[in-house]
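In what follows, a structure is listed as structure tokens, so that the remarks can point back to it.
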Amino acid sequence: MASAPFFSGSTFPDLVALFSQRIVVLDGAMGSMIQSYGLGEADFRATQFASHPHDLKGNNDLLALTKPAIVEEIHQLYFEAGADIVETNTFSSTSIGQADYRLESIVTELNLAAVACARRAAARAEAATPGRRCFVAGAIGPLNRTLSMSPDVNRPDYRAVTWAQVVAAYTEQVRALIEGGVDILLVETIFDTLNAKAALFAIEGVFEETGKRLPVMISVTITDASGRTLSGQTTEAFFHSIRHARPFSVGINCALGGRAMRPYIKELSRLADCRVTCYPNAGLPNAFGGYDETPAEMAAVLHEFATAGLVNLVGGCCGSTPEHIRAIANAVRGVTPRPLPQRAPALRLSGLESLTAA
């Protein structure tokens, strides 16, 4: 790692100022919004991929190239609802993620196009309200392959991917996101800490390669009531595992609804000497895979987190819409953000559990 962090451009001080003034609002789900447009295979292909030899419907990231107006409109709706930050439509925009569609060759183009969609929406929102700052976070998803676990129960030593392959995939994505002009890098929906560490390793390599350093936000997923990630870590052990990256923020998103997240957000708030973020699903999925938590219900949960002093940023994940984000933004307006604590130096180690030695 570099001996001290530095940040390129004017975005970082503006971001710090925003977080010091109030609780910041992130956007909501991209996937459920895309579903509302009722797109078919032809929409995903457009003219660019009309003869591609693999089905493309469901590859939502591809829409930055084939239906950019839709992606830009969704970003715009979130800004209009009160979001300060939108995430690029790049959750699966790595060579590993795009291999499912045989589109590994367009990863750089895909990320650049997605950033352009978000940047246009941000520029429009800023022009509509002079003096407003709107930020773009480069979304870096968890991959569909894991470094910590075998996909074959009969071969526990087997891995479907190597560390070097994961680092290379993330490096390609991060280069493009930075080249496209994101303000923040967001490593999110982490279920395997080793995948996340590969992403952070790749990010640091690109920072050193380019001489540019952006704020890095990290968000983990707690998969069930055990309070652990899918790869088995507790919240504290996870934080100890990634703290070396000096994140701008750390938080929890996806999997559980907001109510079930509370003990883990409270734990992170106690541990983290950086900002804490929370963007839950709109409740737990129902029997049909939908999400039933209303904007008012979701806003009430995050309002309670805010007034309890647990968070610095709130937003929505699966099932959330601009209406959810509007209600959340209204619910946290005027609430004092969580102060950043000072932690005494100590030896902090992690496996599946954590160990702290004063």
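Note: relative contact order over the chain, using C-alpha pairs below 8 Å and six or more positions apart, is 19 percent.
Here the simple spin-label model places points 7 Å from the Cα toward Cβ, and for Lys57 and Tyr158 these points are separated by 3.2 nm. A Förster radius of 45 Å combined with the Cβ-Cβ distance from Arg246 to Glu126 puts the calculated FRET efficiency at roughly 0.95. Note on the chain: with a GNM built from Cα contacts shorter than 10 Å, the maximum mean-square fluctuation among Ala282, Ala29, Ala260 falls on Ala260. Within the chain, helices built from complete DSSP H runs that reach 24 Å or longer along their own axis (Cα positions) and carry a mean Kyte-Doolittle hydropathy of 0.0 or higher are 107-128, 163-180, 193-210. For Glu209 and Asp273, a Förster radius of 22 Å and the Cβ-Cβ distance give a FRET efficiency of 0.20, rounded to the nearest 0.05. Separation of the stretch 143-211 and the stretch 241-263, taken as the distance between their Cα centroids, equals 18 angstrom. Taken about its Cα centre, the stretch 110-205 carries a charge dipole of about 300 debye when Lys and Arg each add +1 at the Cβ and Asp and Glu each add -1 at the Cβ. In straight-distance terms, cross-link reach from Lys67 covers every one of the lysines whose alpha-carbon lies under 27 Å from its own, apart from those fewer than eight places away in the same chain; here that gives Lys57. Taking Rh as the Kirkwood radius computed over C-alpha pairs, what is the Stokes-Einstein D of the stretch 83-140 at 4 °C in a medium of viscosity 1.567 mPa s, expressed in µm² per second? Roughly 106 µm²/s, to the nearest whole number. This model, with +1 at the C-beta of Lys and Arg and -1 at the C-beta of Asp and Glu, gives the stretch 218-358 a dipole about its Cα centre of some 540 debye.
Pick from Asn89, Asn286, Asn330 the residue whose mean-square fluctuation is largest in a GNM of the chain, springs joining Cα atoms under 10 Å. Largest GNM mean-square fluctuation: Asn286.
Once the other residues with Cβ under 13 Å from the Cβ of Gln98 are scored (Lys, Arg +1; Asp, Glu -1), what is the net sum? List each step's numbers first, then the result.
Details: positive: Arg102, Arg145; negative: Asp61, Asp100, Glu104, Glu109, Glu172.
Net local charge, Gln98 excluded: -3.
On full extension, the segment bounded by Thr223 and Leu355 gains 45.3 nm, given 0.36 nm per residue less the C-alpha separation. Picking from Gly131, Thr294, His324, whose Cα lies most toward the positive end of the charge dipole for the chain (charges on Cβ: Lys, Arg +1; Asp, Glu -1)? Of Gly131, Thr294, His324, it is Gly131. With both residues required to sit in the stretch 11-357, DSSP beta bridges show an antiparallel share near 20%.
Using only DSSP helix segments of four residues or longer, with each worth -39500 (n - 2.57), what per-residue ellipticity at 222 nm results for the chain after dividing by its residue count and rounding to 500? Don't skip to the end; give the middle numbers.
Values: 13 runs with 147 residues, N = 358.
Result for the chain: -12500 deg cm²/dmol, rounded to the nearest 500.
When the expected Rg is taken as 2.2 N^0.38 Å, what fraction or multiple of it is the alpha-carbon Rg of the chain? Walk me through the intermediate numbers first.
Numbers: Rg = 19.3 Å, N = 358, 2.2 N^0.38 = 20.6 Å.
This ratio for the chain stands at 0.94.
Between the residues Ala99, Pro151, Ser226, the greatest Cα displacement towards the positive end of the dipole of the chain, with unit charges on the Cβ of Lys, Arg, Asp and Glu, is found for Ser226.
For the stretch 151-160, putting each phi into the Karplus relation 6.51 cos²θ - 1.76 cosθ + 1.60 with θ = phi - 60° gives couplings of x, 10, 5, 8, 9, x, 7, 7, 10, 7 Hz, in residue order, rounded to whole numbers and with x for Gly and Pro. Think of the chain as having a plus end and a minus end, set by charges on the Cβ of Lys, Arg, Asp and Glu; of Ala272, Leu194, His303, Ala272 sits farthest toward the positive end of this dipole. For the chain, a Gaussian network of Cα nodes joined below 10 Å ranks Ile74, Ile252, Ile242 by mean-square fluctuation, and the top entry is Ile242.
Each reported figure results from applying straightforward, stated rules to the coordinates on display, with no laboratory input. Since the model is a prediction, treat every value here as computed from it, not as a measurement. Please note: Cβ atoms are built from the backbone with ideal geometry, for glycine as well, and neighbour counts cover all protein chains shown.
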